[in-house]
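Comments concern the structure below.
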Amino acid sequence: MDLAMRPEDVAFRDEVRAFLNENLTEDLKAHARLTPGILADHDLRLEWLKRLHKRGWSAPSWPKQYGGPGWNVMQRFIYASECAAAGAPSGSNMGLSMVGPTLMGHGRDDQRAHYLPRILSGEDWWCQGYSEPGSGSDLASLQCKAVSDGDDYVINGTKIWTTGAHIANKMFCLVRTDPKAKPQEGISFILIDEFDAPGIKIEPIITLAGDHEVNQVFFDDVRVPKKNRVGAENNGWTVAKYLLEFERGGAAHGANLRNSLNKLKVMAATEHADDGSRLIDDPAFRRKIDETDVEVTAVEFTEHRIMSQLSNGQNPGAAASIIKLRGADTSQKITELAMEAIGYYAEPHVMEARTWGSNVAPVGPDHALMVMPKYLNTRASSIFGGSNEVQRNIMAKAVLGL
């Protein structure tokens, strides 16, 4: 595994940096800093996507034949690293990261021709209809049902923890089409085009951090054409597993963790103990930072191994579970250390100071404003996309052969 950058890689890195310097406005960077989780102001996210789309960079991992830039693995890694370092909005665009790759692998030609250009331009914004009350990590137990009625399915049930449902106009959804089959064999994968159709009700769920990021979605006799099914009827579990490999292994964990750790180091160099010494000079706290630095490096090298596999035409497979697990744990550790660093400034809850465009001053230093919200938000990272326990089971079976 050769990690040295070739001259063409250096040239590409400089091209990315030049684009970011020209297009990443202070408004976009400032708003990205005020976002504790994976959602930012939708208008700003859409503005950033359109800037990327104009350059042909809105889908870094997509091949050219589907409208992507056709970058190799190293180029995608450089791009993700530079975006993280520059403070570009990351957010969660499930169309680009999940629906698009899934349609490339399992969709029909007409589905790809219709949906992929709309995903690239931001005309369609997708949310995920997977989890249900009582069916999260044990996703195969889902009960939201789709009953055949002529050319349509009639859907009844509910989905929960539906990130971005309140801003999406499309949903990709798992539904039970054969209640008599074994749990994993009676599920189908469908696309819900009319997300404002009669019978769909979206209820907000406000997180501990005070943010509206997730929702519960109810379906009451909602009709969806059967042509919107991806893959064969009752074969949705195969499609869902394919998609989850991209959800678990598609993020630039290493670059984002490194950026967060660097911010923590700056924070520790700014904060002082009671005796006036800098927190970063405290041996005990410095040891925690150094230990976390080692963990971030381990995540980076694991991603390098995945890059090597992808370069050889292999899917992430079980490696996606490894990187998802370690990325979640390390992210949580960084936020815990940030909480320790700011001390009692973690307690004030000044929601107005986190509102985009507000002139309300935070309590304490600026770097303390988002520490508590980010700490609370990252608690979910060991659950969403498959809980840590599920990831360990996958690794035990696929990697260790247990």
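The values are calculated or read from the model by the stated rules, or taken from the named source; none is laboratory data. Just so it is clear, the structure is predicted and the values come from calculations on it, not from any experiment. No Cβ is skipped: glycine too gets one built from the backbone with ideal geometry, and neighbour counts run over all protein chains shown. SASA here: full protein model, heavy atoms, side chains in, ligands and nucleic acids out. Shrake-Rupley method; radii C 1.70, N 1.55, O 1.52, S 1.80 Å.
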**Asked** Which residues, taken from segment 381-402, are part of a helix (DSSP H, G or I) and either within 12 Å of Ser321 (Cβ to Cβ) or without any contact (Cβ under 8 Å) to a residue 24 or more places away in the chain (or both)?
**Response** Asn388, Glu389, Val390, Gln391, Arg392, Asn393, Ile394, Met395, Ala396, Lys397, Ala398
**Prompt:** For Ala240, all conditions in the list (1) out of contact with any His (no Cβ under 7 Å at 6 or more places or on another chain); (2) open to solvent by 50 Å² or more (accessible area, probe 1.4 Å); (3) at pLDDT 85 or above hold save one; what is the number of the exception?
**Reply:** (2)
**Prompt:** Which pairs have Cβ atoms under 6 Å, sit 6 or more apart or on different chains, and link a residue in segment 218-234 that is touching a residue at least 12 places away in the same chain (Cβ under 8 Å) and assigned to a loop (DSSP other than H, G, I, E, B) to one that is β-branched (Val, Ile, Thr) and open to solvent by less than 60 Å² (accessible area, probe 1.4 Å)?
**Reply:** Gly231/Val239; Glu233/Thr177; Asn234/Thr177
**Fill in**
Within segment 261-285, residues being in contact (Cβ under 8 Å) with a residue 40 or more places away in the chain and not in a helix (DSSP H, G or I) number 1
**Message:** Out of everything in segment 168-219 that is under 19 Å from Leu142 (Cα atoms) and among the acidic types (Asp, Glu), what residue ends up being least open to solvent (accessible area, probe 1.4 Å)?
**Reply:** Asp178
**Prompt:** Within segment 65-103, which residues are in contact with a Leu (Cβ under 8 Å, 6 or more places away or on another chain), open to solvent by 20 Å² or more (accessible area, probe 1.4 Å) and free of Cβ contacts under 8 Å to residues at least 60 places away in the same chain?
**Reply:** Tyr66, Gly67, Gly91, Asn93, Leu96
**Message:** So if I check each of Ala255, Ala268, which one is open to solvent by less than 50 Å² (accessible area, probe 1.4 Å) and modelled with pLDDT of 90 or more?
**Reply:** Ala268
**Prompt:** If a residue has to be closer than 16 Å to Gln184 by Cα and either open to solvent by less than 40 Å² (accessible area, probe 1.4 Å) or among the acidic types (Asp, Glu) (or both) to count, how many in segment 137-161 make the cut?
**Reply:** 7
**Message:** If the requirement is being out of contact with any Gly (no Cβ under 9 Å at 6 or more places or on another chain) and within 23 Å of Glu300 (Cα to Cα), which of these qualifies: Ala59, Ala113, Ala80, Ala85?
**Reply:** Ala85
**Complete:** Out of (1) modelled with pLDDT of 80 or more; (2) open to solvent by less than 30 Å² (accessible area, probe 1.4 Å), the one Pro36 does not meet is (1)
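Residues are listed down the side, and each one gets a yes or a no for (1) surrounded by fewer than 17 Cβ atoms within 10 Å (Cβ to Cβ); (2) farther than 21 Å from Leu261 by Cα; (3) aliphatic (A, V, I, L, M):
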residue	(1), (2), (3)
Ile322	no, no, yes
Leu337	no, no, yes
His349	yes, yes, no
Glu352	yes, yes, no
Pro365	yes, no, no
**Single unsatisfied condition, Leu120 versus (1) open to solvent by less than 20 Å² (accessible area, probe 1.4 Å); (2) out of contact with any Ser or Thr (no Cβ under 7 Å at 6 or more places or on another chain); (3) not hydroxyl-bearing (Ser, Thr, Tyr)** = (2)
